[in-house]
Amino acid sequence: MSDRAGKTLSERVGALRPNPVVNTGLSLAPFVVAFALAMVVDTVVGPLVGATWTEILLDVGIAILLAGSLNVVNGYAGQFSLGHAGFMLLGGYAAAWLTFYGSMKFFGTWEPVGGFLGSGQLLFLGGCMLGGLVAAVFGVVVGLPSLRLRGDYLAIVTLGFGEIARVLGQITARQPKNVEQVAERSWWDLADNLGGAEGFSQIPNYTRLFFVYLFVFILLILAYRLKYSSKGRALLAVRENEIAAEAMGIDTTRAKVSAFVMSAFFAGIGGALYAHRVGVLKPTELGFQKSIDLVIIVVIGGMGSITGVVLGAAILVILPELFREFSEYRMIAYALALVAVMLLRPQGIMGVKELWETSWWRKGVARLRGGKRGGA
Amino acid sequence: MDDVLETTINTLAVGGLYALIALGYTLVYGILRFINFAHSDVVAWGGWLALSIAGVFGWTAAGGAPAIAVPVVLVLTMAVCAAMGVTIERLAYRPLRKAPRLNVLITAIGVSLLLQNVGILDGVFGNKPDTIRPLLANSVLGEVGAVQLRLYDLMTIAVTIALVVGLERLVYGTRMGRAMRAVSHDERTAALMGIDVNRVITVTFAIGSALAAAGGILFALRNDLRLTADASWVLLGLKAFVAAVVGGIGNVRGAAAGALLIAFVEVFVHRYVGAVFADKPWVSQLQDIYVFGILILVLLFKPSGLLGKAAVEKV
Amino acid sequence: MTGASSGAGHPALETRALSLSFGGLKAVSEFSLAVPVGGLCGLIGPNGAGKTTVFNLLTGVYRPDEGEVLLGGVRVDGRKPSYIARCGMARTFQNIRLFGELSVLDNVMTAGGVRTRSGLFRTLLRTPLHVAEERALAERALALLDVLGIAHRRDEQAKSLPYGDQRRLEIARALATEPRVLLLDEPVAGMNTQEKRAMRALIQSLREQFGVSILLIEHDMGLVMEICEQITVIDHGVTIARGAPAQIQNDPAVIEAYLGVPDDAAAAAGPEGAA
């Protein structure tokens with residue numbers, strides 16, 4: 001067994017350990033960059049493009065977060081979920097519950113308080129985390145039984161789950177809206193007061209470019225790391241051939257559930273950001289149609305491609321905005337475009353490839369390098 | 001007792017409606033293995049086309065429709081919708097016959113959005129709700145105890161039974177039916193055996209869309225005609241689809257059985273659970289939860305549906 | 001998982017009276033077999049004899065109605081395929097099942113990935129262990145591709161490989177899981193004489209190089225007779241003969257199973273015809 005190919009993985013690992021200091025730096029640097037970039041988007045890009053485009057950028061970011069999270073389960077693992085908006089709704093409710101009632105109890109007003117990363121924004125960040133966690137817990141509850149099903153059946157069960165989440169949202173109790181009413185009731189007691197069919201309103205408007213893009217960049221880093229690792233390849237293997245994946249020792253149920261949970265977590269955060277952007281969380285807005293919209297972004301962008309989903313989200317949010325004045329024909333054009341893309345480019349914009357893996361990108365890079373060399 | 005009878009009639013009427021729509025889903029799924037998301041929009045168009053066709057005959061004025069109005073409108077609308085379904089299949093689905101199923105699904109969603117939004121244009125059906133209820137006199141045929149036997153309910157049940165039995169005859173008793181079952185079982189082998197697969201698929205879409213039109217008209221005879229882009233059509237379609245899945249998708253009898261089960265939980269269970277918990281108003285809003293709850297339970301314990309057969313992948 | 005030490009003294013793979021029925025049909029009955037450590041055994045039989053069904057029973061795709069499967073003396077029957085694979089049983093598929101869209105290298109790395117210890121959090125945080133494991137995975141995967149002679153195709157999509165290379169990739173992928181027992185389902189099906197010869201040499205070398213015991217299904221009698229130490233013959237799920245190649249070649253029951261009774265019209269369908 002001393003020979004080269006026979007050496008097992010664990011016999012090889014020792015010699016290949018990276019320098020711990022350098023590795024820690026490489027591990028954390030992207031997050032620092034993400035923080036800095038989010039600051040730049042917030043303080044430089046936002047004012048530069050003006051109020052209208054800031055709104056659009058917020059929508060684009062939230063769409064990237066939601067479609068990017070769906071991509072983990074739909075694109076990587078090939079498990080077709082039609083209930084993603086349900087996780088969004090759960091996350092939104094959990095976050096709104098914490099920030100609205102928290103603001104009423106602690107600050108005595110529902111409106112945003114405090115400056116950058118002040119007490120109000122920290123409460124909001126806590127809300128985002130809570131939203132993610134609640135969605136993740138439901139991800140386990142929904143995923144464990146349903147991910148045994150394949151293909152369309154999984155889609156149908158997740159659809160059923162999303163619809164149930166919507167109906168449950170619609171039958172929650174009225175939302176007390178003055179400080180005294182809130183103060184005399186416990187947190188737990190208020191958990192049912194989510195506004196019912198009229199929606200959960202007066203959610204403090206904390207969502208701004210910084211938070212949206214901070215979470216977007218974090219998701220992109222994690223999605224990238226996942227895709228190019230054993231865990232990610234295991235998911236791709238499940239998508240490609242479930243029987244072979246299982247035969248190679250991949251616990252496919254476990255892999256699918258963990259993808260589902262990670263996906264639900266970020267959908268929950270996306271839902272929290274959405275709720276704190278629109279101010280009113282209406283269960284009917286986050287039903288089946290919203291789930292479909294997210295699936296469309298993933299399919300148009302390219303299933304499994306991170307850059308594809310970013311492009312898909314940007315295009316599908318920005319294009320309708322540009323054609324706002326033709327509102328009557330806008331949806332018709334959208335529908336026709338959807339059919340056309342499926343007929344002409346069924347793999348979506350990027351296919352499974354990332355931007356830097358496409359041939360034209362490589363050619364471009366080669367030309368740039370060649371040009372430099374020629375100039376020098 | 002009267003109450004039980006009335007609820008039973010209601011269940012049968014609602015179940016019949018779901019069955020008509022569910023059959024379209026189940027036929028298409030059985031042959032092409034994809035969920036035709038545009039089906040609920042054909043239902044909506046069925047309702048609206050009925051209004052347009054009645055308008056041509058001048059039957060839309062209140063109280064001005066002869067007894068023959070409903071049968072004539074029903075048949076004509078079914079024919080128009082059949083042509084519509086065939087056209088959709090030709091233009092949107094056929095080019096994708098070999099593509100991954102998710103693509104076909106997205107295309108179906110595209111077609112669905114198209115139908116919804118074309119329908120609300122001014123020159124088409126417009127963006128104001130309307131009604132075709134004047135077509136059918138709200139007459140009571142008789143009384144059993146205190147229960148009224150309404151024309152609408154009995155007609156829905158009769159139309160459903162006639163169409164389901166007719167379809168059953170077609171699928172199990174004719175050459176075309178045998179070809180449909182062969183294509184459903186194994187498209188490639190069926191093609192090798194000389195079956196014209198494209199023709200089978202065309203006929204399937206024609207039948208499914210005609211049944212959808214009938215469902216749309218019956219639904220509209222009872223409810224207002226909401227806009228084609230209204231979410232209530234999607235929900236109606238979803239419930240019919242749930243019925244098809246619960247019964248075992250791809251199975252004609254399964255769709256009918258599933259539709260009755262869904263109607264049972266939605267009308268019957270809802271009626272009596274609601275009565276027991278009369279003090280809790282939110283219980284009255286649980287209808288949809290029963291429906292989707294049944295769906296999840298059935299799929300978890302018998303993924304192929306109540307009457308479906310499990311497909312085993314050969315290793 | 002079960003350590004290699006627990007296998008001392010036991011055959012690498014053993015089955016005791018495995019039976020499985022589909023509906024009323026007995027697909028496999030009372031199937032017993034032992035593959036000694038470092039052994040190379042063959043499983044043959046006419047088409048539809050139940051050979052692949054035996055593989056599916058061994059690897060946990062099907063659950064046996066009765067009987068036991070022991071891997072290094074430890075029972076694994078009734079477990080999930082992934083568990084059995086991690087216990088050290090790897091297989092190839094008769095109808096090739098690669099991860100088609102992934103690159104050749106990724107196919108092998110994916111399989112090797114089940115031997116890594118870092119979970120989701122280490123992966124997302126890129127800890128030193130995770131980084132070292134990913135490097136080791138790539139290194140080992142390349143070494144395996146080298147052994148199988150397809151290293152030059154490492155970046156191609158698995159589905160675009162020629163047929164023979166796909167079979168080689170299946171073997172590389174199975175070896176990446178660090179198995180103790182390797183099950184090969186028709187490794188030379190559809191290959192020409194030259195490719196078959198190369199594959200034969202390769203299979204023999206795998207034993208020493210990776211310390212695996214091998215059980216193979218094959219229709220090519222020449223190959224089986226030349227390289228297997230022991231051969232089991234089944235027909236209609238029933239074991240009809242077992243022994244060294246020379247014994248099997250002259251066994252009347254085997255000849256009958258393959259050629260039918262002398263006046264049978266199906267006599268033309270010999271072992272080669274069945275492949």
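The values are calculated or read from the model by the stated rules, or taken from the named source; none is laboratory data. Keep in mind it's a predicted model, so treat the numbers as computed, not measured. So basically every Cβ, Gly included, is an ideal-geometry build from the backbone, and we count neighbours across all protein chains shown.
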Looking only at segment C:195-219, how many residues end up being over 20 Å from C:Ile96 (Cβ atoms), away from chain A (no Cβ under 14 Å) and not aliphatic (A, V, I, L, M)?
3
Every listed condition ((1) closer than 22 Å to A:Leu9 by Cα; (2) within 8 Å of chain A (Cβ to nearest Cβ); (3) not hydrophobic (A, V, I, L, M, F, W, C)) holds for C:Gly72 save (2)
Mind checking which helices (runs of 4 or more DSSP H) fall wholly inside segment B:146-265 and carry at least 2 residues that are acidic (Asp, Glu)?
B:151-173
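Which residue out of C:Gly88, C:Gly100, C:Gly78 is in contact (Cβ under 8 Å) with a residue 40 or more places away in the chain and at positive phi? Break it down into steps so the answer makes sense when it comes.
Details: C:Gly100 fails: at positive phi; C:Gly78 fails: in contact (Cβ under 8 Å) with a residue 40 or more places away in the chain.
Being in contact (Cβ under 8 Å) with a residue 40 or more places away in the chain and at positive phi holds for just one of C:Gly88, C:Gly100, C:Gly78, which is C:Gly88.
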Positions within segment C:99-126 being of a type outside the set (Lys, Arg), within 7 Å of chain A (Cβ to nearest Cβ) and not in a helix (DSSP H, G or I), in sequence order
C:Phe99, C:Gly100, C:Glu101, C:Leu102, C:Thr116
Scanning segment A:179-193 for residues that are assigned to a loop (DSSP other than H, G, I, E, B) and touching a residue at least 12 places away in the same chain (Cβ under 8 Å), the one nearest to the other protein chains (Cβ to nearest Cβ) turns out to be A:Asn193
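Sort through A:Ala197, A:Ala244 and tell me the only one that's buried (at least 24 other Cβ atoms within 10 Å of the Cβ), part of a helix (DSSP H, G or I) and either within 14 Å of chain C (Cβ to nearest Cβ) or in contact with a Lys or Arg (Cβ under 9 Å, 6 or more places away or on another chain) (or both).
Details: A:Ala197 fails: buried (at least 24 other Cβ atoms within 10 Å of the Cβ).
Going through A:Ala197, A:Ala244 in turn, just one is buried (at least 24 other Cβ atoms within 10 Å of the Cβ), part of a helix (DSSP H, G or I) and either within 14 Å of chain C (Cβ to nearest Cβ) or in contact with a Lys or Arg (Cβ under 9 Å, 6 or more places away or on another chain) (or both): A:Ala244.
Which fully enclosed helices (runs of 4 or more DSSP H) of segment A:1-108 have 2 or more residues being away from every other protein chain (no Cβ under 11 Å), in contact (Cβ under 8 Å) with a residue 24 or more places away in the chain and more than 30 Å from C:Glu208 (Cα to Cα)?
In segment A:1-108, the matching helices (runs of 4 or more DSSP H) lie at A:20-40, A:46-71, A:84-102.
Among the residues of segment B:92-100, is any away from chain A (no Cβ under 14 Å), under 29 Å from B:Ile35 (Cα atoms) and surrounded by 14 or more Cβ atoms within 10 Å (Cβ to Cβ)? Break it down into steps so the answer makes sense when it comes.
At the first step, the residues of segment B:92-100 found to be away from chain A (no Cβ under 14 Å) are none.
No; the residues of segment B:92-100 include none that is away from chain A (no Cβ under 14 Å), under 29 Å from B:Ile35 (Cα atoms) and surrounded by 14 or more Cβ atoms within 10 Å (Cβ to Cβ).
Just to be sure before I move on: is C:Ala174 closer than 30 Å to A:Lys353 by Cβ and touching a strand residue (DSSP E or B) at 6+ places or on another chain (Cβ under 6 Å) in the structure I sent? Before the answer, list the steps.
Details: closer than 30 Å to A:Lys353 by Cβ: yes; touching a strand residue (DSSP E or B) at 6+ places or on another chain (Cβ under 6 Å): yes.
Considered against the rule, which asks whether it is closer than 30 Å to A:Lys353 by Cβ and touching a strand residue (DSSP E or B) at 6+ places or on another chain (Cβ under 6 Å), C:Ala174 comes out as yes.
Being exposed (fewer than 15 other Cβ atoms within 10 Å of the Cβ), more than 14 Å from the chain's Cα centre (by Cα), more than 30 Å from B:Asp2 (Cα to Cα) and of a type in the set (S, T, N, Q): is that true of B:Asn138 here? Working first, answer last.
On the way: exposed (fewer than 15 other Cβ atoms within 10 Å of the Cβ): yes; more than 14 Å from the chain's Cα centre (by Cα): yes; more than 30 Å from B:Asp2 (Cα to Cα): no; of a type in the set (S, T, N, Q): yes.
No.
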Hey, any hits in segment A:314-321 for a residue that's within 14 Å of chain B (Cβ to nearest Cβ), in contact (Cβ under 8 Å) with a residue 60 or more places away in the chain, part of a helix (DSSP H, G or I) and surrounded by fewer than 23 Cβ atoms within 10 Å (Cβ to Cβ)?
yes
Search segment B:109-133 for residues being more than 9 Å from every other protein chain (Cβ to nearest Cβ) and not in a loop (DSSP other than H, G, I, E, B), and hand back the single one that is modelled with the lowest pLDDT.
B:Arg133
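Residues to consider are C:Thr232, C:Thr193; find the one that is over 18 Å from C:Lys51 (Cα atoms) and of a type in the set (Val, Ile, Thr).
Numbers: C:Thr232 fails: over 18 Å from C:Lys51 (Cα atoms).
None of the others qualify; the one that does is C:Thr193.
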Across segment C:28-69, what is the total count of residues that are under 21 Å from C:Ala253 (Cα atoms), of a type in the set (A, V, I, L, M, F, W, C) and either in contact with a His (Cβ under 6 Å, 6 or more places away or on another chain) or within 13 Å of another protein chain (Cβ to nearest Cβ) (or both)?
1
Being touching a residue at least 40 places away in the same chain (Cβ under 8 Å), crowded, with 23+ Cβ neighbours inside 10 Å and closer than 22 Å to B:Ile21 by Cβ narrows B:Val245, B:Val234 down to just B:Val245
